[in-house]
1. Anyone know which of PHE118, PHE40, PHE140 comes out most mobile in the 10 Å Cα GNM of the chain?
2. Fully extended, how many nm does the chain gain between THR133 and ASP43 (0.36 nm per residue separation, minus their Cα-Cα distance)?
3. Which ³J(HN,Hα) values, rounded to whole Hz and listed in residue order, are derived for region 92-99 from phi using the Karplus coefficients 6.51, -1.76 and 1.60 in 6.51 cos²θ - 1.76 cosθ + 1.60 with θ = phi - 60°, glycine and proline given as x?
4. Test of understanding: what is the full-extension gain from ALA194 to ALA142, defined as 0.36 nm times their sequence separation minus their Cα-Cα distance?
5. Give, as ranges by residue number, the residues of region 30-61 whose backbone N falls under 15 Å from the point 7 Å along Cα→Cβ of SER73.
6. State to the nearest 20 debye the size of the charge dipole of region 45-159 about its Cα centre, where the only charges are +1 on K and R beta carbons and -1 on D and E beta carbons.
7. Which residue, chosen from GLY159, VAL172, GLY193, occupies the Cα position most advanced towards the positive end of the dipole of region 111-207, where the dipole is computed from +1 (Lys, Arg) and -1 (Asp, Glu) charges on Cβ about the Cα centre?
8. For Cα extents along the principal axes in Å, the listed values are (1) 74, 42, 32; (2) 50, 32, 30; (3) 50, 45, 34; which was obtained by calculation from the structure presented?
Amino acid sequence: MRTNAIKAGAVLGAVAALLFAGQAQAATTISSGHVDALAFTYDDTANALGIEVHDETGNAVYDPADVLFDVHSGHLVNRPGADACKFDAGDNWVLPRTETAGLIWAGWSTEELDLADFGGSLQVELVDAATPTGGNVSVFDATTGAVRFHTDPACNASGTAVTESHHHPTWVFTEPGTYALTFQASGTHAVDGAVTSAEVTYTFDVG
């Protein structure tokens, strides 16, 4: 993973650009509900692997660049102690693994492609991350304890194999501020061979 986590000024500039986004179209803000944040698609005619945002509550599909995830104070959880590569001690902002009214329930899905065409698995990488000073993001499976993504290289979780058709892990942000997370997916298609998506950046406003 390219590490430019701490370049908060650059992230804020990117968010300002997103919010401005030309006066023709404002960014879509998602602050609650069921959303497949990483929704993987495949265009057989163009041999193109893609990543979209599927707002299941609003029944809408978005380009990740057009979405701002509002991780508001309702997501705030105070932890008495740290849990390595998952939670920090003290305040954490959590997108829970189970659907909770008023909170973002964020997951991923491969329902828009035939995962069997990729041997049952896509490889998804967190290729870049910009976070507030001292902030990290953890995405982990609460039932198994497996950390799927983490912005701290020491946690050795910059990528994961996605084998699920639909999955909701726990997302944790350890500091308030703006986070920009860039993902890329790849796989080997049974007919088309090796394919890689474009890099897509997600913006989370935490606090």
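Bear in mind that the values in this text are calculations on the coordinates, not laboratory data. Keep in mind the model is a prediction, meaning the values are calculated, not measured. All Cβ positions, even for glycine, are placed from backbone atoms using ideal geometry, and neighbour counts span all protein chains on display.
1. The residue that fluctuates most here is PHE118.
2. 28.5 nm
3. Whole-Hz 3J(HN,Hα) from phi for region 92-99: 9, 10, 10, 9, x, 7, 10, 5.
4. Values: separation 52, 0.36 × 52 = 18.72 nm, distance 3.16 nm.
Computed gain between ALA194 and ALA142 is 15.6 nm.
5. Counting backbone N atoms under 15 Å from the label point, the list is empty.
6. In debye, rounded to 20, region 45-159 gives about 540.
7. Comparing the listed Cα positions along the dipole, VAL172 ranks first.
8. (3)
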